C-alpha cells in the first residue's frame with residue numbers, strides 16, 4: 001500500500017480527491033464481493049438440496065440440513081473467534097460514530113462464510129447485512145492500511161456500505177440514501193459524491209455479472225382512483241404496527257436466548273432442527289424469500305389467510321434464527337413481511353370491493369416499503385429502494401403516503417429502529433453520527449416526582465394556600481371533580497390573591513391555563529426546552545393514554561437531579577466508547593471484573609498469579625484511584641480489574657478473580 005501513498009504525494013492529490021478515487025475502487029470491490037457472495041449462496045443451496053433429493057426420505061433429510069448447518073456455523077464462528085456483540089449494521093453505526101470507522105476487518109471472512117452457510121441451509125435471514133459488511137469492511141481495511149484521516153475513513157466505510165446495498169438490490173440510489181440516512185445520519189455534498197461513485201461502481205459490477213434487470217419483475221400497476229388513497233393509509237398504519245412488533249421480537253428473542261443455560265453448539269443446531277421441521281410444512285417462510293416475494297408481486301393467486309400466516313411465521317422465524325446464532329440480515333425479511341401483509345390486505349379488499357381497488361400485488365409492493373421504513377426509520381431509502389427494485393413509478397403517491405404514515409406511527413411506539421435499538425439498549429444515544437446532548441438520554445419518568453399536590457377547582461384561595469403550606473410545596477395541580485387536569489397554581493399566586501382580599505375566591509379563577517405538560521417517555525431535554533420557552537419553573541407529567549391525568553411533576557429540583565444523573569451516565573458512556581475505540585484499534589476485547597473476597601488472587605502479588613497467556617491486567621481501580629499494575633501489586637477485595645485480551649483467555653481470568661474458583 002506504500003506505493004499508493006507515494007503516488008498520491010507525487011501527483012499532489014488533495015485528500016478529498018484521493019478519497020473519491022478510493023471510494024470508486026471500494027465500490028468495484030464491494031460489487032465483486034457481493035457477486036461472489038450471491039453465487040456462493042446459490043451454488044451451496046442448490047448442492048445441499050440436490051444431495052438431499054438423492055435419498056429415499058429426502059424430505060426428512062432436508063429437515064436435518066439446517067441442524068447440521070447450525071453446527072457448521074458454530075464451528076466457523078469459534079474457529080474465527082468471531083463473537084457478535086451487536087447486529088451487523090448497528091456495529092457499523094457505532095464504529096463510524098465512535099471509532100473513526102475502524103472495523104476489525106480481519107474477522108469478516110469467517111462471518112461471511114457463516115452467513116453463506118446460514119442462508120444456504122434455510123435460516124430465515126437476509127443477504128443484505130453481509131453485503132453491507134463486505135463493502136464497509138473493505139473500506140475500513142483500505143483506509144487503515146493507507147492511514148488516512150478519520151473523517152475520510154468514515155466516508156470510505158459508508159461508501160462501502162452504499163456499494164453493498166447497490167450491488168445486492170441493483171439499486172445505486174437506494175444505496176446512497178441507505179448510507180446517508182442510516183450510517184452517516186446527514187446529507188452533505190462531499191460525502192454524497194463519494195457514496196454515488198461507490199454505489200454506481202458496485203451496481204455496474206452487479207449488472208455485468210448478474211444482469212441489468214431489477215430485483216423483482218413486476219407487472220404494471222395503476223392507482224385507480226383518489227378515493228383508494230385512504231385504503232393505502234390504513235395499510236401504512238398496519239405496516240407501522242407490524243414494524244414495531246418485528247423490532248421487539250428481534251431484540252426480545254435475542255435477550256431471551258442469552259439467558260438460556262445452553263451453549264451455542266447446542267442452541268444453534270436445535271434451532272436449525274426446528275426450522276427444518278417448519279420448512280416441511282411452510283418452506284416459503286425459510287431462507288431469504290425472494291422467490292415468494294416475486295410470486296406475490298407478479299400476481300399469483302393466493303388466499304389472504306395464507307399470506308398473513310407466512311407474514312407471522314417470518315416475523316417469528318427471523319428473530320428466532322438470529323437469536324439462535326445463525327448469521328444474516330433483517331432487511332430482506334422486512335420486505336417479505338411487508339409483501340405478505342400487503343398481499344393479504346389487498347386480497348381481502350379485492351374480495352370485498354373488486355371494482356374499486358388495485359390488484360393485491362400493488363398493495364404488496366406498497367407494504368414492502370412501508371414495513372421497511374417503519375423498521376429502519378429511513379423513509380427515503382425505503383421509497384427509492386422499492387422504486388429501483390420494481391422500476392414502477394405509477395404507484396408512487398400511495399407508496400409515499402403509506403411510508404410516511406408508517407414511519408410517523410412506529411417512532412413514538414418504538415424509539416429504536418432495527419439497527420439503533422441495539423445501541424439504545426446499551427445506553428448509547430447517537431444523533432447524526434455523534435453522541436447527543438446529555439439530557440437527551442434521561443427520560444422524564446426517571447426523575448419526575450410522583451407526589452403531586454392536587455386541589456379541586458371549587459376550593460377557595462385560603463383553603464388552597466393552607467394545603468400547599470401543609471405539604472410544603474410551591475405548586476399545586478388544579479383538577480375537575482372527575483380528576484382531570486384543569487390548571488396549575490403556585491404558592492406566590494395564592495399569596496398575592498390573599499393579600500388582595502380574595503381569600504374566598506375559587507381557585508379556578510386564578511389558576512394558570514392552558515397548562516404546558518410533558519409525557520413520561522419524553523426526554524428531559526424536551527421538558528427543559530418547554531420550561532424555558534414558557535418561562536415556568538415546573539411542568540406536570542401526564543399519561544400518554546389519558547393526557548388529562550397527571551401522574552407526576554418536574555420542577556427545577558428534578559432538572560438538577562436529572563443533570564447529575566445525565567453527567568454520571570455521560571462518564572460511563574465515555575468509558576464504554578473508549579473501550580470500543582481501543583477494541584477497534586487493537587482487535588482485542590476489554591472487560592472490567594470485580595475482585596471478589598474469596599478469590600484465590602486476593603492477597604497475592606500479580607507476578608505470582610498464573611494468568612492465562614492471552615490476557616493482561618491493564619488497570620486496577622481501587623476506590624477513587626487507578627493503579628498501574630506491576631508484579632508487586634497485591635489485589636484486594638473490591639478492586640476492579642480492567643482486563644484486556646482474547647475472549648477465551650478473558651473468561652479464564654474472570655473465573656480466577658471470582659469466588660467460585662476458590663474451591
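We did not get these values from a lab; they are worked out from the coordinates using the rules stated. Keep in mind the model is a prediction, meaning the values are calculated, not measured. All Cβ positions, even for glycine, are placed from backbone atoms using ideal geometry, and neighbour counts span all protein chains on display.
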Want the number for residue 75 to residue 256: 0.36 nm per residue separation, take away the alpha-carbon distance, what's left?
62.9 nm
If the viscosity is 0.692 mPa s and the temperature 37 °C, what translational diffusion coefficient in µm²/s does Stokes-Einstein give for segment 444-562 when Rh comes from Kirkwood over Cα pairs?
228
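Once you sort the root eigenvalues of the Cα gyration tensor of segment 111-173 as a ≥ b ≥ c, which label holds: rounded (a/c under 1.5), prolate (a/b larger than b/c) or oblate (the other case)? Provide the component values of the computation, followed by the final result.
Values: a/c = 3.89, a/b = 1.82, b/c = 2.14.
Here segment 111-173 falls in the oblate category.
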So what does the Cα-only Debye profile of segment 197-267 read at q = 0.13, 0.22, 0.24 Å⁻¹, as log10 I(q)/I(0), no solvent term?
-0.88, -0.92, -1.00
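From largest to smallest, what semi-axes in whole angstrom does segment 226-435 give when each is the square root of 5 times an eigenvalue of its alpha carbon gyration tensor? Can you show the working numbers first?
Numbers: eigenvalues 174, 98, 33 Å².
Sorted largest first and rounded, they come to 29, 22, 13 Å.
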Can you put 318, 180, 469 in order, fewest other beta carbons within 10 Å first?
469, 180, 318
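For segment 228-318, how big is Rg over Rh, using alpha carbon atoms and the Kirkwood form of Rh?
Values: Rg = 16.2 Å, Rh = 15.4 Å.
In segment 228-318, Rg relative to Rh is 1.05.
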How far apart, in nanometres, would the label points at residue 209 and residue 499 be if each is projected 7 angstrom from Cα along the Cα-to-Cβ direction?
8.3
Taking just the C-alpha trace of segment 436-499, give me its Rg and Dmax in Å.
14.7, 47
What's the extension gain from residue 526 to residue 618 if we count 0.36 nm per residue and subtract their Cα-Cα distance?
29.1 nm
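Let's test the formula: R0 of 35 Å, r as the Cβ-Cβ distance of residue 627 and residue 648. What FRET efficiency results, to the nearest 0.05? Let's see the in-between values first.
On the way: r = 26 Å, r/R0 = 0.75.
So, using R0 = 35 Å, E works out to roughly 0.85.
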Placing each pseudo-label 7 Å from Cα in the direction of the beta carbon, residue 482 and residue 306 end up separated by a distance in nanometres of 5.1
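Taking the beta-carbon count within 10 Å as an exposure proxy, list 74, 554, 132 from fewest neighbours to most. Present the calculation step by step, with values, prior to reporting the outcome.
Details: 74 22, 554 26, 132 29.
Final ranking by Cβ density, sparse to dense: 74, 554, 132.
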Inter-label distance for residue 42 and residue 217, nm, one decimal - labels placed 7 Å from Cα along Cα-to-Cβ
1.3
Full extension between residue 282 and residue 549 adds, at 0.36 nm per residue less the Cα distance, a length in nm of 91.3 nm
Would you give the gap between the C-alpha center of segment 517-547 and the C-alpha center of segment 297-335, rounded to a whole Å?
40
Using Cβ contacts closer than 10 Å as the measure, can you line up 314, 107, 651 from fewest to most?
651, 107, 314
